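Colleague: Sharing a structure below in C-alpha cells format, with a few things to ask.
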Amino acid sequence: MKKELEGKIKRLDNSVDKLRIRRKDSDNLKVTENVFDNATLKALYTLSNKGIVQALGGSISTGKEANVFLADGEEEDIAIKIYRISSSSFRSMEDYILGDPRFSNIRHNKRDIVFAWTKKEFRNLMRAKQAGVRVPEPIITERNILIMKFMGENGKPYPLLKDMKIQKEDGQMIFETVIDYMHKLYVDANLVHGDLSEYNILIDPEDLTPIIIDMGQSVTLEHPRADQFLKRDIENIVRYFKRYKIEESPESIYARIKEPEPEN
C-alpha cells in the first residue's frame, strides 16, 4: 500500500488522477513532503473524490502544528490546513481541549488529540462566522485536514496585521473592529479566541477589514481557563495597538467585551 501511494503521488503532477498538484508548485511541495504521510494522502484523495479539492497548490504558511496550502476548489481557491500528527506539540493542545465540554470523551493519544483539534477549529470558525465575525469560511474536515475558503486574491493571501503599514486613523478603526469581534465571540459565539495577536489577524487591503484566523485553540466560556485566555488576548491587542496611540486600558476593554447585548 505504501509503495502504491508513493507511486501515485509521483504521478500526480502530470496525470489526470483524482488529486492533481499544480505543476509550478510541485517543487515547493517536496519541501514539506513530511506533511503528506500515507493516511493524509488517503484523506486528500477522499476529499478529491468528493470534488472538494481539484488541484493542490503551494504552501501558504507553516506553523508549529500545521501547514496551510493553497488549492483549487470547485468554484474558487481554497485553503487546506493539514495538522501534522507526527510532529505536532499535542501537549500544548491538551491545555485547550481538556476542559472543553465539547471534547470530554476523546482519548489522550496524539492522533485523537489532533483529530479533535481539527474538528474543534472547524466548529469554532462556524460559531464565529454565525456571530458576525469575519473568519475564513470553513468547508469540511477529514481526519487532520481542515478545508476553508481562501482569504486572499490571485493566489496571494491577505497580509497579516503585523506586516501592514497603517495610518493612525486606520489603526483606530481596525482596533475597534477587533474589539467588536472579541465581543461578538464572547457574547454571541460563547468563545474566547485564546491566542489572539497581530500574528493571527489578516487584513483585507481593499477595506482594511480584519479577518480572525487560527481558531483551533479557541475555547468555550465553560473552559476553566477561558477568563485567563481572554485577559491574555486583551493584553496582546492593547500592546500592539499602542503604536497607534491607542491607550485604552485592558480593564476597560475587558468590560466592553463582556457587556451583554442590549435587549430589543
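The values are calculated or read from the model by the stated rules, or taken from the named source; none is laboratory data. The structure displayed is predicted, hence computed values, not measured ones. Glycine gets a Cβ as well: all are built from the backbone with ideal geometry, and neighbour counts include every protein chain shown. All accessible areas refer to the heavy atoms of the entire protein, side chains included, with ligands and DNA or RNA removed. Shrake-Rupley method; radii C 1.70, N 1.55, O 1.52, S 1.80 Å.
Colleague: Put +1 on the Cβ of each Lys and Arg and -1 on the Cβ of each Asp and Glu in region 128-228; which of 135, 145, 218 then has its Cα farthest toward the positive end of the dipole?
Modeller: The listed residue farthest towards the positive side: 145.
Colleague: Here's something else I'd like to know. Using a 1.4 Å probe on the protein heavy atoms, what percent of the accessible area of region 126-235 belongs to carbon and sulfur? Let's see the in-between values first.
Modeller: On the way: 2120 of 4760 Å².
It is 45 percent, rounded to a whole number.
Colleague: Quick one: order 258, 156 from most to least accessible surface, probe 1.4 Å.
Modeller: 156, 258
Colleague: Something else: Can you work out the accessible area per residue across region 124-264, with the rest of the protein chains kept in place, probe 1.4 Å, in square angstrom? Walk me through the intermediate numbers first.
Modeller: Details: 6840 Å² over 141 residues.
Using a 1.4 Å probe on heavy atoms only, each residue of region 124-264 averages 48 Å².
Colleague: A follow-up question, please. Only loop residues by DSSP count here, and only those with at most 12 other Cβ atoms within 10 Å; note down the trypsin sites (Lys or Arg not before Pro) in region 153-217 that meet that.
Modeller: Working: sites: 162, 165, 168, 184; in loops: 165.
Those that pass, being in a loop and sparsely packed, are 165.
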